[in-house]
Amino acid sequence: MSHLHVPDGVLPNWIVLASWIITISILALCVLRVRRTHMLRKIPLIGIISAIMVACMMLPIIPFAYHLNLSVVAGIMLGPSLAFIAVFIVDIIIAMFGHGGITVVGLNTIVVGAEAVIGYYLFQIAMAMLKKHSIAWSSGIATVLSLMLSTSLLLGFLYISQVDVQILFEADKERVSTTSFEEKEVSTAEHSSSINVPKFAKVALILLSLGWILEGVITALVIRYVSGVRPDLLLPDAVK
Amino acid sequence: MDVTLIDYYANHGTSFLHRAGAYSKILFVTLLVASVIITREFYMLLGIYVTLLILALWTRLPLLKIIAISIYPTVFTLLFVIASWDGSWLKAGVVMLKALSAALTMVILISTTPYPDVFNVIRPLLPGIIAEGLFVAYRSLFILLKLTDDLVKGLSIRGGLKKRRYANNIKNFSSGISLLLVRGFDMSEKLYGVMNLRGYKGEARMVKQDIKASGGDLILISIGVSILAASLGIRIESGLATYSTHLLALCTTILATSAIYLIQSEL
């Protein structure tokens, strides 16, 4: 659960815009790569995996309101390009239900998409290192590491979003204005949308580290089950 | 979050919002989200939220259910409020209202518009594979949610999910998800076969949207444009912020009047 449940209008506009540009560029690359393969066959597959991801996201794990992403499972089973497209579809659907802002879909796709892509490559590396003896360990380790990396990416985004030129401009404007107390308080509320990153990181890392382990264990068990029951479903490159 | 219920509302409602075109509703959502982004003034945001409550009331759908669905994401927004807490309740209120307003806007859209209509509007903006994937994902979601629900019920009845037996619960829950994945893949294969047989060439044909504007469309767009204009006005000229309380009072009066009217008409 490393995607941002940030409402619209909290993050600076430049970071929202930049994330959309990056997401569109990566998506264009993914679509070009997928077009070379049998695209028609991939459409139902992407759709179903996206739907499974959304369905699992709707199952909150009590008591700490964590929900599974299954992004690494998608990465391992679909490969990086298709998984990135699936993540974008998932983000659009959950934004339609008001589960996070519609303008942060770009940013969420980068964070969760990175999780899927990194998860796929880490799984490949782990499989090569562990000599394909333990598919469960490989997928579990890949999941925990990719979740750690994607959370770091998320915190990085939040850190750089602290520098808001507009906030500085408005703060300067406030110094010279002669407003009443009430207006002043409202005005302060208006432009203090910055997030205390260290405080947020502490809260998020404590809660999410439990989630990483949980998701790692579940991913490991899921991949082990699928490799036992339907090994053909895993990518031929991942499991022979 | 009950997606099936939202879909039922979208397809069975008869309000003016249900009758309005998908194009105008998406334009309304765009205007409202832009207003939420622009506005940093507490009372203005509260005014926007009350306006949305009025619209939700006029959909004649269960208001509390609609609000409950839109409140869900604010649980996560609380984390951001805690992280940016500096003792100002007003600032916390601004962040929460931004989340609530944007979420309620989206929930009003999807609970009054069938999903093929929404996808039909956004389809030209997306590459083929994404547009088709989105359609298949949403279509399959209901089947998979039913499967997930049955799975959780089945696990609970058979003692697969018991209190304080965490390791066992995780193992059984993972088996359930694995089963869901395997069934999902089988479903995708079947779906591909069916689509292929029906001559699918990479684009599902949809019924074309009628973009003739009705009264409902005009009301919606007028509300959206007025809110955006007010938000822009306050953002450009901060002195206008004092009028946001008047706007809030007006919206609250309309909400109360609407509620009384609708209660009386149903009695």
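What number of residues within region B:72-91 are buried (at least 17 other Cβ atoms within 10 Å of the Cβ) and without any contact (Cβ under 8 Å) to a residue 60 or more places away in the chain?
Pass one, region B:72-91, residues buried (at least 17 other Cβ atoms within 10 Å of the Cβ): B:72-74, B:76-77, B:79-81, B:83-84, B:90-91.
The next check asks that each one be without any contact (Cβ under 8 Å) to a residue 60 or more places away in the chain; those that pass are B:73-74, B:76-77, B:79-81, B:83-84, B:90-91.
Final tally of qualifying residues: 11.
Results for (1) closer than 24 Å to residue B:180 by Cβ; (2) within 15 Å of the chain's Cα centre (by Cα), shown as yes or no for each residue.
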| residue | (1), (2) |
| --- | --- |
| A:30 | no, no |
| A:36 | no, no |
| A:42 | yes, no |
| A:69 | yes, yes |
| A:79 | yes, no |
| A:102 | no, yes |
| A:109 | yes, yes |
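Kindly state which helices (runs of 4 or more DSSP H) lie completely within region A:146-240 and contain at least 1 residues that are within 10 Å of another protein chain (Cβ to nearest Cβ) and modelled with pLDDT under 50. Step through it out loud before you land on a result.
Values: elements: A:165-176, A:181-191, A:197-229.
The qualifying helices (runs of 4 or more DSSP H) are A:165-176, A:181-191.
Whether any residue in region B:124-131 is surrounded by fewer than 22 Cβ atoms within 10 Å (Cβ to Cβ) and within 18 Å of residue B:224 (Cβ to Cβ) is what I want to check.
Within region B:124-131, none of the residues are surrounded by fewer than 22 Cβ atoms within 10 Å (Cβ to Cβ) and within 18 Å of residue B:224 (Cβ to Cβ).
Suppose we filter region B:208-254 for residues that are assigned to a loop (DSSP other than H, G, I, E, B) and either over 14 Å from residue B:23 (Cβ atoms) or at pLDDT 80 or above (or both); how many remain?
Of all residues in region B:208-254, those assigned to a loop (DSSP other than H, G, I, E, B) come to B:208-214, B:237.
In the following step, the residues that additionally are either over 14 Å from residue B:23 (Cβ atoms) or at pLDDT 80 or above (or both) were identified as B:237.
Total satisfying the criteria: 1.
Does any residue in region B:249-260 that is among the polar types (S, T, N, Q) come within less than 8 Å, Cβ to Cβ, of a residue that is in a helix (DSSP H, G or I) six or more places away or on a different chain, and which pairs are these?
B:252/B:50; B:258/B:54; B:258/B:57; B:258/B:58
Just to check your reading of the model, which residue among A:119, A:100 is closer than 22 Å to residue A:210 by Cβ, touching a Pro at 6+ places or on another chain (Cβ under 8 Å) and small (Gly, Ala, Ser)? Give the derivation first.
Details: A:119 fails: touching a Pro at 6+ places or on another chain (Cβ under 8 Å).
Criteria check complete, one pass: A:100.
Looking at A:110, A:49, A:76, which one is aliphatic (A, V, I, L, M), in a helix (DSSP H, G or I), in contact (Cβ under 8 Å) with a residue 60 or more places away in the chain and farther than 24 Å from residue A:157 by Cβ? Write out each step before concluding.
Details: A:110 fails: farther than 24 Å from residue A:157 by Cβ; A:49 fails: in contact (Cβ under 8 Å) with a residue 60 or more places away in the chain.
A:76 is the lone residue from the list that is aliphatic (A, V, I, L, M), in a helix (DSSP H, G or I), in contact (Cβ under 8 Å) with a residue 60 or more places away in the chain and farther than 24 Å from residue A:157 by Cβ.
Return the pairs, sorted by first residue and then second, in which the second residue is acidic (Asp, Glu) and in a helix (DSSP H, G or I), the first residue lies in region A:20-31 and is in contact (Cβ under 8 Å) with a residue 12 or more places away in the chain and within 9 Å of another protein chain (Cβ to nearest Cβ), the beta carbons are less than 8 Å apart, and the residues are 6+ apart or on different chains.
Correct list of pairs: empty, since none qualify.
From B:94, B:107, B:118, grab the single residue that is surrounded by fewer than 24 Cβ atoms within 10 Å (Cβ to Cβ) and either at pLDDT 85 or above or on the phi > 0 side of the Ramachandran plot (or both). Please lay out each step first, then the result.
Values: B:94 fails: surrounded by fewer than 24 Cβ atoms within 10 Å (Cβ to Cβ); B:107 fails: surrounded by fewer than 24 Cβ atoms within 10 Å (Cβ to Cβ).
Exactly one of B:94, B:107, B:118 is surrounded by fewer than 24 Cβ atoms within 10 Å (Cβ to Cβ) and either at pLDDT 85 or above or on the phi > 0 side of the Ramachandran plot (or both), namely B:118.
Consider residue B:65 carefully, then state whether it is touching a residue at least 60 places away in the same chain (Cβ under 8 Å), of a type in the set (Lys, Arg) and crowded, with 18+ Cβ neighbours inside 10 Å.
No: the conditions fail for residue B:65.
What are the residues in region B:155-177 that are charged (D, E, K, R) and loosely packed, with under 12 Cβ neighbours inside 10 Å, if any? Give the steps one after another, and end with the answer.
First, the residues of region B:155-177 that are charged (D, E, K, R): B:158, B:162-165, B:171.
Once the filter is applied, which keeps residues that are charged (D, E, K, R) and loosely packed, with under 12 Cβ neighbours inside 10 Å, region B:155-177 yields B:158, B:163, B:164.
One line per residue, one yes/no per condition, for (1) out of contact with any Cys (no Cβ under 7 Å at 6 or more places or on another chain); (2) outside any helix (DSSP H, G or I); (3) surrounded by fewer than 24 Cβ atoms within 10 Å (Cβ to Cβ):
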residue: A:83; (1), (2), (3): yes, no, no
residue: A:89; (1), (2), (3): yes, no, no
residue: A:92; (1), (2), (3): yes, no, yes
residue: A:100; (1), (2), (3): yes, yes, no
residue: A:116; (1), (2), (3): yes, no, no
residue: A:126; (1), (2), (3): yes, no, yes
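Could you check, for region B:134-145, whether at least one of its residues is at the interface with chain A (Cβ under 7 Å from one of its Cβ atoms), among the polar types (S, T, N, Q), touching a Cys at 6+ places or on another chain (Cβ under 9 Å) and farther than 21 Å from residue B:42 by Cα?
Looking through region B:134-145, none of the residues is at the interface with chain A (Cβ under 7 Å from one of its Cβ atoms), among the polar types (S, T, N, Q), touching a Cys at 6+ places or on another chain (Cβ under 9 Å) and farther than 21 Å from residue B:42 by Cα.
Give me a count of the residues in region B:78-131 that are aliphatic (A, V, I, L, M), under 30 Å from residue A:45 (Cα atoms) and at the interface with another protein chain (Cβ under 7 Å from one of its Cβ atoms).
6
If you scan region A:127-150, which residues turn out to be in contact with a Leu (Cβ under 9 Å, 6 or more places away or on another chain) and more than 25 Å from residue A:88 (Cβ to Cβ)?
A:135, A:136, A:137, A:138, A:140, A:141
So which residues in region A:68-85 are facing another protein chain (nearest Cβ under 10 Å) and modelled with pLDDT under 90, if there are any at all?
Scanning region A:68-85 gives A:68, A:70, A:77.
Just for helices (runs of 4 or more DSSP H) wholly inside region B:1-76: which have at least 3 residues that are within 16 Å of the chain's Cα centre (by Cα), more than 19 Å from residue B:222 (Cβ to Cβ) and more than 13 Å from chain A (Cβ to nearest Cβ)?
Working: elements: B:3-12, B:16-19, B:22-38, B:42-58, B:63-71.
Correct list: B:63-71.
The values are calculated or read from the model by the stated rules, or taken from the named source; none is laboratory data. Only a predicted model underlies this, so the values are computations on that prediction, with no experimental measurement involved. Reconstructed Cβ throughout: ideal geometry from the backbone, glycine too, with neighbour counts over all protein chains shown.
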